[in-house]
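Structure, as structure tokens:
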Amino acid sequence: MTPFLTASLNVPHGFFTREGGVSTGSFASLNCSFSGGDDPNLVHENRARAAAAIGLRAEYLLGLKQVHGLDVITVTEPWGTGQGPSADAMVTAEPELALGVITADCAPVLFADSAGKVIGAAHAGWRGALAGVLEATIRAMQALGAGHITAVIGPCIHQPSYEVAADLRGAILARNPADSRFFSLGRPGHWQFDLPGYCAARLAQIDIQAQVMPDDTCADPARFFSHRRRILLREAAIGHQISVIKL
């Protein structure tokens with residue numbers, strides 16, 4: 001059985017780790033991204049394993065070409081594996097479909113309404129979170145009739161691992177200077193940014209309660225892929241984990 005983490009959502013979901021797949025080398029083992037240079041046949045098998053663990057067929061596990069923006073797709077029918085549109089979030093009210101987001105330090109955010117009739121999934125790096133991808137996902141769910149919505153911010157890079165420079169901090173503070181609370185001092189000219197805390201606060205501003213999972217992708221090489229860790233270790237390539245939700 002392919003392992004995955006769960007949280008306080010009332011519908012089937014899973015935050016998958018890098019464990020339980022068939023990829024090798026720097027992609028070992030449950031790499032679910034087609035864009036990193038892994039063998040596509042192995043990625044197909046990994047995604048099929050993730051789908052089976054959640055209880056569905058692989059062709060109903062949908063993904064996007066993620067671009068760090070704020071576009072949200074309302075999904076009504078499946079598309080081919082690897083053929084998703086360019087966007088960073090999806091919502092659906094179709095019970096036979098599952099929504100998947102790929103991450104390797106960015107925050108995977110899964111959403112469900114209290115009636116279990118509408119779900120959403122968002123990829124939130126700092127650019128997408130700043131632009132408003134989480135709020136856009138909520139609006140798209142509400143357009144489908146969602147009532148009370150809860151969210152879970154899954155495994156991502158956490159503040160102790162996320163050193164940033166003045167350009168990122170300046171972009172965040174240009175929107176709201178009060179968001180300086182999500183930065184702690186680091187090396188001269190650098191800060192440590194609390195990405196999951198920032199995402200949770202953005203959701204709290206629109207009355208959406210979000211659970212933050214404690215797992216730091218950069219600090220846990222045994223369980224998670226990490227783009228920041230790849231840069232620090234000068235690795236050639238890495239895989240990406242997947243987070244999935246379905247009605």
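What follows draws every value from the coordinates through simple rules; no lab data is involved. Everything numeric in this text was worked out from a predicted model, so none of it was measured. Here the Cβ positions follow ideal geometry from the backbone for every residue, glycine too, while neighbour counts run over all protein chains shown.
What to note about this one:
- Residue exposure sequence - Cys156, Cys218 - by fewest surrounding Cβ within 10 Å: Cys218, Cys156
- Gyration tensor verdict on segment 61-143 (Cα atoms; rounded if a/c is under 1.5, prolate if a/b is larger than b/c, oblate otherwise): oblate
- Residues whose amide H comes within less than 5 Å of that of Gly21, counting only those at least five positions distant or on another chain, are Ser29, Leu30 (H built at 1.01 Å from N in the peptide plane).
- Dipole size of the chain about its Cα centre, with +1 on Lys/Arg Cβ and -1 on Asp/Glu Cβ: approximately 340 debye, rounded to the nearest 20.
- Taking amide H positions as modeled 1.01 Å from N, with prolines and chain starts lacking one, the residues under 5 Å from Gln211 and 5 or more places away or on another chain are Ala151, Val152, Ile153.
- Sites Glu45 and Asp220, calculated FRET efficiency, Cβ-Cβ separation with R0 35 Å, nearest 0.05: 0.90
- Nearest-20 debye value, segment 106-189 charge dipole, Cβ charges on Lys, Arg, Asp, Glu: 60 debye
- Packing order of peptides 64-70, 25-31, highest average first: 25-31, 64-70 (average count of other Cβ atoms within 10 Å over each peptide's residues).
- Prolate/oblate/rounded label for segment 1-142 (Cα gyration tensor, a/c 1.5): prolate
- Working from label points 7 Å from Cα in the Cα-to-Cβ sense, the Leu173 to Ala143 distance is 3.5 nm.
- Contact order relative to length of the chain, as percent, for alpha carbon pairs under 8 angstrom and 6 or more apart: 25 percent
- Listed residues Leu233, Leu61, Leu97, most fluctuating in the chain (Gaussian network, C-alpha, under 10 Å): Leu233
- Cleavage-rule hits (trypsin sites (Lys or Arg not before Pro)) in segment 205-247: DSSP loop, at most 13 neighbouring Cβ within 10 angstrom: Arg234
- Sequence ranges 205-214, 143-152, 108-117, ranked by mean other-Cβ count within 10 angstrom, highest first: 108-117, 143-152, 205-214
- In angstrom, the C-alpha Rg and Dmax of segment 127-247 are 15.7, 48.
- Mean-square fluctuations from a GNM of the chain, with a 10 angstrom spring cutoff on Cα atoms, peak among Pro155, Pro196, Pro95 at Pro95.
- As an equivalent ellipsoid, the chain spans semi-axes of 26, 23, 14 angstrom, where each value is the square root of five times an eigenvalue of the C-alpha gyration tensor, largest first.
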